Amino acid sequence: MQRPLRQMGTLESSLVRGDFSPDDYEKINRDYFDEILKSRAWSAFPSGWYNPSCEGAASFSLHLPEARDIIHYAVDEGASLGESRSSIVRLVGQWENRPLEHDEITICPSVSSCNLAVLYVLKEAGIDTILFESPAYYATLQQAELLKMEFIRLPTFRAERFEADLERFESILYSRSNCAIWLTQPRFGIGSNQCLKRLRHLGEILGPRRMLVIDEAAEQMFPSVTSGLSQMRCPVFRTRGIVKGVGLNGIRASVILHPPQWRSNFEEILEAAGASLDRFSLSNVALLADTPMLLPTMLRIANAQVRRERAKLEIMSLGSWMQPTPLENGYIGAIMLDLSCIVGSYARKRSALLGFCKDRRMPIVLGSSIGFAFDDEFEAVRINYFTPTENIEKTGAILLEAGEDLRVIKGL
């Protein structure tokens, strides 16, 4: 029996392909998944940190500092971090496959605080507009909005491998001199790597007066993908979690990689950006530099886990309405659902999917909350691959069942 399609009254009926739907994450949870989330009684939980399983983290041994070592918090100003900073500079240099100067990085507690610091510095430098290639991380969009910076979201689509057309960048930049382009690497919610040739082309388009920012929050490649960029025509700022790609989100240490002449600009705004560091995280990350092969080994194990779990999901998806994004780096991806097999409006299809997942007790996060541009032929479901295999398999099974349950044979 076909499930009745339930109307969803909050979605804009005037949306066209390439628009961005309102992020109704809170409303969806309230209307569909509130009881499930509060009781923690879900059958599967594809998007969240449910019973995380991070194989790469197993090699990491925590160092417990002495009480006297954690009396004071720290801020990465001047040489105040001492030997810990030198160790982290050396570690990131190994990741970049070249020695780094002292002034080429600034250390912050999280990638979000790194991104906020970059936005502060860009604004102080006269940048008033940010061009975000979608999907963009929601917190960075909120930060730009709070700083009263104009931002433009460039839509990307599955058929174009989620790459915004370079001519679109050029047409916008033609009339705007004080702007920056903001990308994610790997692509947020997708997991594919940016093409270095394309990044260099963007650098040429931007020129020396505009900026390029690359959010590399969960980079797992060692050396990093963007370490091969070398000299660019425009200033480049990159933000990266040191152990986020391994799944160790409780270790609060991230870095901004920037031209050395920008170091003083970042030092000036670290307090305002909430970028104070805790000594526990600082000392543990610094110790990674003492065992040069440890971080690349952990990242390699983490990436192998993600690829293995994605491959299982891809096999499950063959011949169905679902397809996982081609994740090759990082651990956050999406499952793309082909809505063309269901009749009715996009809003009705979306509502039916949410209702089905509610009945199967599986909370989901949809494309509008991941940052995907609106496309009425597809819906995206976020998936975090740092989770047990059974959670991945149950997620796939429920979505396959949803595809069969909601399908209406056209012409009947």
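The values are calculated or read from the model by the stated rules, or taken from the named source; none is laboratory data. Nothing here was measured: the structure is a model prediction, and the numbers come from that model. All Cβ positions, glycine included, derive from the backbone under ideal geometry; neighbour counts span all protein chains shown.
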I want to confirm something. Restricting to region 320-332 and keeping residues that are outside any loop (DSSP other than H, G, I, E, B) and in contact with a helix residue (DSSP H, G or I) (Cβ under 7 Å, 6 or more places away or on another chain), which single residue is surrounded by the fewest Cβ atoms within 10 Å (Cβ to Cβ)?
323
Going through (1) under 24 Å from the mean Cα position of the chain (by Cα); (2) modelled with pLDDT of 95 or more one by one, residue 262 fails only at (1)
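Which of the residues belonging to region 81-135 are part of a loop (DSSP other than H, G, I, E, B), over 30 Å from residue 165 (Cβ atoms) and not charged (D, E, K, R)? Please lay out each step first, then the result.
Let us first name the residues in region 81-135 that are part of a loop (DSSP other than H, G, I, E, B), namely 81-82, 97-101, 109-110, 125-128, 134-135.
Next, from what is left, pick out any that are over 30 Å from residue 165 (Cβ atoms): 81-82, 97-101, 109-110.
Listed by number, the residues that qualify are 81, 82, 97, 99, 100, 109, 110.
Hey, among 216, 204, which residue is farther than 29 Å from residue 286 by Cβ and either of a type outside the set (D, E, K, R) or not assigned by TED's automatic domain parsing to the domain that holds residue 384 (or both)? Show your work before the answer.
Working: 216 fails: farther than 29 Å from residue 286 by Cβ.
None of the others qualify; the one that does is 204.
Is it fair to say residue 372 is in contact (Cβ under 8 Å) with a residue 12 or more places away in the chain and more than 29 Å from residue 55 (Cβ to Cβ)? Give the derivation first.
Numbers: in contact (Cβ under 8 Å) with a residue 12 or more places away in the chain: yes; more than 29 Å from residue 55 (Cβ to Cβ): no.
Against the criterion (in contact (Cβ under 8 Å) with a residue 12 or more places away in the chain and more than 29 Å from residue 55 (Cβ to Cβ)), residue 372 does not qualify.
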Picked from region 172-208 (must be under 12 Å from the mean Cα position of the chain (by Cα) and in a strand (DSSP E or B)), the residue farthest from residue 380 (Cα to Cα) is 183
Would a scan of region 280-289 turn up a residue that is modelled with pLDDT of 95 or more and of a type in the set (Val, Ile, Thr)?
no
State whether one or more residues within region 214-223 are more than 29 Å from residue 338 (Cβ to Cβ), surrounded by fewer than 23 Cβ atoms within 10 Å (Cβ to Cβ), of a type in the set (D, E, K, R) and in contact with a strand residue (DSSP E or B) (Cβ under 9 Å, 6 or more places away or on another chain).
no
In region 341-376, residues that are in contact with a Leu (Cβ under 6 Å, 6 or more places away or on another chain) and among the charged types (D, E, K, R) total 2
Count, please, the residues in region 209-221 that happen to be part of a loop (DSSP other than H, G, I, E, B) and within 18 Å of the chain's Cα centre (by Cα).
6
